[in-house]
Amino acid sequence: MKYCLYYRAKIERELCWVVTSVLRYSEHLVFDRCYDKDQSIFEFFVAPDFEDVFLSIMHKFQEKGVTHYFEKMENRLLDPNEQV
């Protein structure tokens, strides 16, 4: 079984709705959710076949100052000790 790729990003608080709206517009691209509400950090579970599309969108957000950073990480749901 293939697991999703995992990314985290710090998003400008006032523009979180823009990020989620754009990403949800493309079906089957990504599942997003807020990971840390206080620091406005979101996590993204990206379909492996669409990583290039996701990265293209996130680079545009970074250019426009919508995201402060985004990084690829190990999928935290693969860790049996991780809280969901």
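Every number in this text was worked out from the coordinates using simple rules, so none of it is lab data. Predicted, not measured: the structure shown is a model, and the values here were computed from it. With ideal geometry, Cβ positions are generated from the backbone for all residues, glycine too; neighbour counts draw on all protein chains shown.
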So which chymotrypsin sites (Phe, Trp or Tyr not before Pro) in the stretch 1-71 pass both tests, a DSSP loop state and at most 12 other Cβ atoms within 10 Å of the Cβ?
-> TYR3
For the chain, the charge dipole (Cβ of Lys, Arg +1; Cβ of Asp, Glu -1; about the Cα centre) points to a positive end, and the Cα of PHE61, MET73, LEU5 closest to that extreme belongs to PHE61
Just how large is the dipole of the chain about the Cα centre, in debye to the nearest 20, putting +1 at every Lys and Arg Cβ and -1 at every Asp and Glu Cβ?
-> 160 debye
Please identify every one of the trypsin sites (Lys or Arg not before Pro) in the stretch 23-84 that sits in a loop by DSSP and has no more than 11 other beta carbons within 10 Å of its own beta carbon.
-> LYS37, LYS64
Mean Cα-pair separation over length for the chain, i.e. relative contact order, pairs under 8 Å, 6 or more apart, % = 42 percent
Reachable aspartates and glutamates from LYS60, criterion Cα separation under 13 angstrom, eight or more residues apart if same chain = ASP52
Where in the chain lies the longest segment free of GluC sites (Glu not before Pro) that are both loop residues by DSSP (not H, G, I, E, B) and have at most 10 other Cβ atoms within 10 Å?
-> 28-73
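At a Förster distance of 30 Å, what's the computed FRET efficiency of MET73 paired with GLU14, Cβ-Cβ distance as r, to 0.05?
FRET efficiency, MET73 to GLU14: 0.75.
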How large is ³J(HN,Hα) for each residue in the stretch 28-41, as worked out from phi by the Karplus curve 6.51 cos²θ - 1.76 cosθ + 1.60 (θ = phi - 60°), to whole Hz, x for Gly and Pro?
-> 6, 7, 7, 10, 10, 7, 6, 9, 9, 4, 5, 9, 6, 9
